[in-house]
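Student: Provided herewith is a single structure, encoded as C-alpha cells, for subsequent inquiry.
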Amino acid sequence: MKVSGLEVYHLRLPLTQPFEISSGRLTSVSTILVRLSGEGEEGWGEAPPWDEPIYGPETAETAFHVLRDILAPRVLGKSWDSPEALSTLLGTFRGNAFAKAALETAWWVLEARLKKVPLHRLLGGEAARPINCGVSLGVAATPGALLDEIDRSLALGYQRVKIKVKPGWDVAVLEKVRDCFPKVPLQVDANAAYALEDLEMLRRFDDFGLVQIEQPLSTDDLVDHATLQRELRTPICLDESIKSAQDARKALQLGSCRIVNIKLTRVGGLLEAKRIHDLCRERDVPCWVGGMLESAIGEAICMEFATLPNIRLPSDIVPSDRFYARDTTRPRPVMSSRGTFLAASQPGFGYDVDLDEIRRLTVKRWATS
Ligand code: OSB
Ligand code: MG
C-alpha cells in the first residue's frame, strides 16, 4: 500500500500505582503512537520506551526523533507491499527497535484494515485460541503488600504470577509467597539484576517450583546464561537478551534458555517477532508474549500476536485498567475471569481508538502536512 500520511504522538500516561523493576521505578509511562494512513484507511501502532532508558537504551524522546527525522521521510509517499520490504528499509538503521516497532506495527494494522481482516489472520494466528494471561508484579513496599497484590490478582483470574526480583528482594520474599500460595504457577523476572558470581544464590531459585526465571543475567550475555542454565533445573527465559531472530538462534544453540519471551517492541516489530516464534516452534521451545506497560492499542496488538500456535505459556497481557485510569481505545480491553482475552473479530486489532483521549494524553505530536 502507498503510505500517504504519518503522525507521531508522544503520550504520557499516569500509572494508577508505581511499577518498580530492578533497574528503576515508574510513576508514569511515556509511550509512542504512530498513525499511518494510506488508500483511505489508517492504522495505529505503539511502543512505550518510557522517559528514561532503564529497560532498553531508547527513550520516548529518541524514538520520537528517529521516527520524525529519519524513518518518516523514507516511508512517506512510497508503496510498502510486504512486511519484508519495510523491514529491509528499517534494517538499514541500527538499533532503535521501539521506534521501528511503533511504525512497523502500524503498517500491519493498516494492511489488515485495508484487507478487512483481523490482524491475527495476516500473522497466521488462530482466532479460536484463548489468549492466556498472567500478571507481572513489581517490587512492592513490603512482602505483605505483595501477598495482598497476589491475592487480588488471582481473584481477577490471572493464570500465573510473575514477581520482579532483585538482590535483597528475592529468596526471602519467595519463601513468604510460597508459604501462602504453595500451588500457584509462579515465575520471577530479574531484569538482568544478577551476575554469574551470584551462582550460589541463584541456585536457591530452584527450591520454589518456578515455571521459569526470566532474564537473570546481563542483557548482552548469552554465554553466562548458558553456563547458568546448565547449573539450574528451572528453565531460564530470556527477554532483554533476544533482540532478533539471530539472537534467538544463538541462544538456543548455546543453551542459554529454554523459554523465550517475545516482545514486539524489543525486536522491532511483528515480522521479527514472528521469525523468533517460528524458529522456536521448529525447535520445540515454548514462547509467550511480553509487555512494556503498553496502552490498550499496544495490548490489543500483542493479543493478536498471542494467537500464534507456539505462544504456549501465559503472556504479560493485562486488562487496560490494571495500569491506567485513562486509555487509548474505546471500549478498553477486558480480561475474562479465567484470565483470557478474545482475538479481534473486526479488521485491524479490534478496538476503536479514542482520539479525544489520545489528544488529552499527548505531550508532543508531529504530523505530515
Ligand atoms: O521485563 O517483562 C519485563 C514491565 C516493564 C518493564 C519490563 C518488563 C515488564 C513486565 C511486563 O514485566 C508488565 C506488563 O506489561 O504486564
Ligand atoms: Mg522481563
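Residues are listed down the side, and each one gets a yes or a no for (1) under 16 Å from GLN229 (Cβ atoms); (2) part of a loop (DSSP other than H, G, I, E, B); (3) touching a helix residue (DSSP H, G or I) at 6+ places or on another chain (Cβ under 9 Å):
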| site | (1), (2), (3) |
| --- | --- |
| ILE163 | no, no, yes |
| ALA172 | no, no, yes |
| GLU175 | no, no, yes |
| ARG178 | no, no, yes |
| LYS183 | no, yes, no |
| VAL188 | yes, no, yes |
| ALA192 | yes, yes, no |
| LEU199 | yes, no, yes |
| PHE205 | yes, no, yes |
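Student: If you don't mind, another one. Output the number of residues of the range 191-246 satisfying the condition of being among the small types (Gly, Ala, Ser), open to solvent by 10 Å² or more (accessible area, probe 1.4 Å) and away from ligand 2 (no atom under 16 Å from the Cβ).
Tutor: So the answer is 4.
Student: Condition first: within 10 Å of the chain's Cα centre (by Cα) and within 27 Å of LEU355 (Cα to Cα). Now tell me which residues in the range 282-299 satisfy that.
Tutor: Of everything in the range 282-299, those that are within 10 Å of the chain's Cα centre (by Cα) and within 27 Å of LEU355 (Cα to Cα) turn out to be VAL289, GLY290, GLY291, MET292, LEU293, GLU294, GLY298, GLU299.
Residues are listed down the side, and each one gets a yes or a no for (1) of a type in the set (A, V, I, L, M, F, W, C); (2) touching a Leu at 6+ places or on another chain (Cβ under 8 Å):
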| position | (1), (2) |
| --- | --- |
| ILE150 | yes, yes |
| TYR158 | no, no |
| VAL161 | yes, yes |
| LYS164 | no, yes |
| LYS183 | no, no |
| LEU186 | yes, yes |
| ILE213 | yes, yes |
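Student: I'd like the residue in the range 268-293 that is open to solvent by 10 Å² or more (accessible area, probe 1.4 Å), part of a loop (DSSP other than H, G, I, E, B) and touching a residue at least 12 places away in the same chain (Cβ under 8 Å) and, out of all such residues, is nearest to VAL211 (Cα to Cα).
Tutor: Per the criteria, the residue is PRO286.
Student: Name every residue in the range 294-313 that is small (Gly, Ala, Ser) and either assigned to a loop (DSSP other than H, G, I, E, B) or more than 16 Å from ligand 1 (Cβ to nearest atom) (or both), in order of residue number.
Tutor: Hits for the range 294-313 are SER295, ALA306.
Student: So THR329 clears everything in (1) at pLDDT 95 or above; (2) open to solvent by 70 Å² or more (accessible area, probe 1.4 Å) except one condition, right? Which one?
Tutor: (2)
Student: Continuing with this model, one more query. When residues of the range 300-318 are filtered for being open to solvent by 10 Å² or more (accessible area, probe 1.4 Å), free of Cβ contacts under 8 Å to residues at least 60 places away in the same chain and within 8 Å of the chain's Cα centre (by Cα), how many remain?
Tutor: 0
Student: For ARG326, are the conditions met, namely being part of a loop (DSSP other than H, G, I, E, B), out of contact with any Cys (no Cβ under 6 Å at 6 or more places or on another chain) and among the charged types (D, E, K, R)? Write out each step before concluding.
Tutor: Numbers: part of a loop (DSSP other than H, G, I, E, B): yes; out of contact with any Cys (no Cβ under 6 Å at 6 or more places or on another chain): yes; among the charged types (D, E, K, R): yes.
Answer is yes for this residue.
Student: Scan the range 217-240 for residues that are in contact with a helix residue (DSSP H, G or I) (Cβ under 6 Å, 6 or more places away or on another chain), within 16 Å of ligand 1 (Cβ to nearest atom) and assigned to a loop (DSSP other than H, G, I, E, B) and jot them down.
Tutor: LEU217
Student: Filter the range 127-146 down to residues that are more than 16 Å from ligand 2 (Cβ to nearest atom) and surrounded by 13 or more Cβ atoms within 10 Å (Cβ to Cβ) and give me whichever is farthest from SER345 (Cα to Cα).
Tutor: PRO143
Student: Of the residues that sit in the range 250-267 and are farther than 11 Å from LYS100 by Cβ and part of a loop (DSSP other than H, G, I, E, B), which one is most open to solvent (accessible area, probe 1.4 Å)?
Tutor: Restricting to residues being farther than 11 Å from LYS100 by Cβ and part of a loop (DSSP other than H, G, I, E, B), the top hit is ARG258.
The values are calculated or read from the model by the stated rules, or taken from the named source; none is laboratory data. Everything quoted here is computed from the prediction, not taken from an experiment. Please note: Cβ atoms are built from the backbone with ideal geometry, for glycine as well, and neighbour counts cover all protein chains shown. We work out accessible area using only protein heavy atoms, side chains counted, and drop any ligands, DNA or RNA first. Shrake-Rupley method; radii C 1.70, N 1.55, O 1.52, S 1.80 Å.
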